[in-house]
Amino acid sequence: MLPHYPKFEPLRYEHMKSVAGFLNLSPRSICDLNLASVYVWQDCETPLGTLINGNLCILIQTHREPDYFLEPLGENSLVETVDICLKHTGRISRSSESFVGRLPKDRYKIAPLRDHFDYIYEVKSLAELKGKKHDGKRNQIRKFIKNQPDFRFALLESQHRDQALRLFERWAQERQNGNGESSLSHFGEECQRLALGRAFDAYQDLGFVGGAIFVGSEMEGFLLGSQGNPGMGIAHFQYASSKMPGIYQLILQKCCQEIFHAYPLLNMEEDLGIPGLRKTKLAYQPLHLEKKYLVTPT
């Protein structure tokens, strides 16, 4: 049972069923308010839960920035609940557009968080890669297939945990050696490793899905995702060898063809302000960007 404010309790595995209940009552399109996201990053972005006016309020503690609340989950006494959260931390961050649209504008400062906007795509477009705008991606895929004709695509399962973590270690080493733009400064190698481990440990229970590319017996790339709100998949992790051009494009296309085809939309999460990552995500022609905001007192 979750405590009532001002008491907090770290949101562990045993709380996920309760958290899922609140998320189902208030579905959101942003990646931050997704059961898998709340759970897997807890070693570095610790989520603490409390109940305020019957709403679930999640406080995030992280070494990268001051503590903040995610938007309250629930419909009870919203303004009063927001005021309590702001009195506690001074900020509600990663707030969805639907949430801030319900707040009185003269009562709070509301600022967009561009680095945290989610990229939303049509799954069909990513699966087909039709048109001139995707010429480069199709060429990259053809190059990979030509160079690695014996590759195979397989569904990612929980038993692939060790192979996936070994690939992550190779990926991290390649970035540290200057073979690609690193995101390690944003989440940290250890944070990502722990999050991946948690994802595989709770693979079935939290509804993870994914796909992997094998060359021979070696896993060379994988994408790990989950279901977001109804009609949307979320791609949480994607890692691959930088020594195989075209592998990232192929993994994403195959996963959209074989795994995410049941969903009209795919959330590819944020770019975190990383220039190369932003360029790549924009190049895939998102349907729209899911905006997020910072809410502070006036």
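Every read-out reported here was derived from the displayed coordinates using simple, explicitly stated rules and does not represent laboratory data. Computed from a predicted structure; not experimentally measured. Cβ sites come from the backbone with ideal geometry, for glycine too, and all protein chains shown count toward neighbours.
Output needed: Cys residues of the chain lacking any neighbouring Cys C-beta below 4.7 Å, sorted by number.
That list is Cys31, Cys57, Cys85, Cys255, Cys256.
Hey, what do the phi angles of the stretch 251-265 turn into as Karplus ³J(HN,Hα) couplings, whole Hz, using 6.51/-1.76/1.60 and θ = phi - 60°, x for Gly and Pro?
Per-residue couplings from phi come out as 4, 4, 4, 4, 5, 5, 6, 9, 10, 8, 4, 6, 10, x, 10 Hz.
Taking amide hydrogens as modeled 1.01 Å from N in the peptide plane, which residues meet the under 5 Å criterion relative to Arg94, leaving out close sequence neighbours?
Here the answer is Tyr293, since their amide H atoms fall under 5 Å of that of Arg94.
For the chain, what is the mean residue ellipticity at 222 nm derived from helices alone (per DSSP H run of n ≥ 4: -39500 (n - 2.57); sum divided by total residues; nearest 500 deg cm²/dmol)?
-10000 deg cm²/dmol
Counting only C-alpha contacts under 8 Å and six or more residues apart, can you give the relative contact order of the stretch 72-204 as a whole percent?
Contact order relative to length: 15 percent.
Given the options Glu128, Glu220, Glu65, state which has the largest fluctuation in a GNM of the chain using a 10 Å cut-off (strictly under) for Cα springs.
Glu65
Report the local net charge at Ala164: Lys and Arg +1, Asp and Glu -1, summed over other residues whose C-beta lies under 13 Å from its C-beta.
Here the charged neighbours net out to -1.
Highest first, please rank the peptides 10-17, 160-167 by the mean number of other Cβ atoms sitting within 10 Å of their residues.
My ranking of the peptides, most packed first, is 160-167, 10-17.
How big is the charge dipole of the chain about its Cα centre, in debye rounded to the nearest 20, if each Lys and Arg gets +1 on its Cβ and each Asp and Glu gets -1 on its Cβ?
It works out to roughly 1000 debye.
Where a ≥ b ≥ c are the square roots of the eigenvalues of the C-alpha gyration tensor, would you call the stretch 93-177 rounded, which needs a/c under 1.5, or, failing that, prolate if a/b is larger than b/c, or oblate?
prolate
For the stretch 11-57, state the average projected area of the convex hull of the C-alpha atoms over all orientations, rounded to one decimal in nm².
The Cα convex hull of the stretch 11-57, projected and averaged over all directions, gives 3.2 nm².
Quick one: Karplus J couplings for the stretch 22-29, per residue in order, coefficients 6.51, -1.76, 1.60, θ = phi - 60°, nearest Hz, x for Gly and Pro?
Each residue's phi maps through the Karplus curve to give 5, 5, 5, 6, 10, x, 10, 8 Hz.
So what J values fall out for the stretch 230-237 if you push phi through Karplus, 6.51 cos²θ - 1.76 cosθ + 1.60 with θ = phi - 60°, rounded to Hz, Gly and Pro as x?
Here the 3J(HN,Hα) series is x, x, 9, x, 10, 9, 8, 9 Hz.
First obtain the Kirkwood hydrodynamic radius of the stretch 159-298 from its Cα pairs, then insert it into the Stokes-Einstein equation at 10 °C and 1.306 mPa s, and state the resulting D in µm² per second as a whole number.
My calculation gives 98 µm²/s for D.
Which residue fluctuates most in the GNM of the chain (Cα springs below 10 Å): Thr50, Thr89, Thr81?
Evaluated over the chain, the most mobile residue of the options is Thr89.
7 Å from Cα along Cα→Cβ at both Ser77 and Ala283: what's the point-to-point distance in nm?
Label-label distance for Ser77 and Ala283, simple model: 5.2 nm.
Please list, ordered by chain and number, the residues whose modelled amide H lies under 5 Å from the amide H of Glu45; skip anything fewer than 5 residues away on the same chain.
Those qualifying (amide H under 5 Å, at least 5 residues apart or on another chain) number zero.
Quick one: which residues, 5 or more positions from Gly211 or on another chain, have an amide H under 5 Å from its amide H? H modelled 1.01 Å from N in the peptide plane, none for Pro or chain starts.
Counting only residues 5 or more places away or on other chains, the set is Leu156, Leu223.
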